[in-house]
Amino acid sequence: MLYTVHPSPLGELLIAGPRPGTLASVTVPGQKGGARVGPGWRRDDAAFAAAAEEFDAYFAGELTVFHTELAPEGTPFRQRVWAALDGIAYGSTLTYGELAARAGLSPRAVRAVGGAVGANPLSVIRPCHRVIGASGALTGYAGGLDRKRHLLTLEGVLRAGSAAPA
């Protein structure tokens, strides 16, 4: 596995993938279940230079869609939920129930959908920060709710200091 670290407003991102330009994970410091540099991993900053540029543009408010190739590992169920996550547009939110429906799943699958969202290995790029509770409250984010607030404020969903989407 190749990796690099890249500074961001969320802390140093750990960016990793199986080959140059292909991301398997993006982790923020202290992220629950986040990737850690493992045995045999090799640092290669040049391998992810294009992804780093996209992150810089996103955090500068200049990029709304990432174009980096993704190769995360996950069960077929998780891949289905993650594909639905990919369809949540910049500057918008969905509830877990709405995400389940988009994935073609029963409303009874909401807890399992939440588990798949929480297991998302591609923080920021795959927008799990855009999923909110049924009441409109910000809930669960493996990178922490302060980071979720930061991302939703950056995308214009929240006003600075606000606790819930408008």
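The values are calculated or read from the model by the stated rules, or taken from the named source; none is laboratory data. As the structure is a prediction and not an experimental result, all values here were calculated from the model. As a convention, Cβ positions derive from the backbone with ideal geometry for all residues, glycine included, and neighbour counts pool all protein chains shown. Note: areas computed on protein heavy atoms with side chains; ligands, DNA, RNA excluded. Shrake-Rupley method; radii C 1.70, N 1.55, O 1.52, S 1.80 Å.
Tell me which residues, restricted to the stretch 121-141, are of a type outside the set (Val, Ile, Thr), part of a loop (DSSP other than H, G, I, E, B) and in contact with a strand residue (DSSP E or B) (Cβ under 9 Å, 6 or more places away or on another chain).
Scanning the stretch 121-141 gives PRO121, SER123, ARG126, GLY133, ALA134, SER135, GLY136, LEU138, GLY140, TYR141.
Could you list, in sequence order, all residues of the stretch 4-16 that are surrounded by 14 or more Cβ atoms within 10 Å (Cβ to Cβ) and either among the β-branched types (Val, Ile, Thr) or within 13 Å of ALA52 (Cα to Cα) (or both)? Let's see the steps before the verdict.
From the stretch 4-16, those surrounded by 14 or more Cβ atoms within 10 Å (Cβ to Cβ) are 4-6, 8, 10-11, 13-16; that's our starting set.
Selection gives THR4, VAL5, HIS6, SER8, LEU13, LEU14, ILE15, ALA16.
For ASN120, only one of the following conditions fails: (1) under 17 Å from LEU23 (Cβ atoms); (2) open to solvent by 30 Å² or more (accessible area, probe 1.4 Å). What is its number?
(2)
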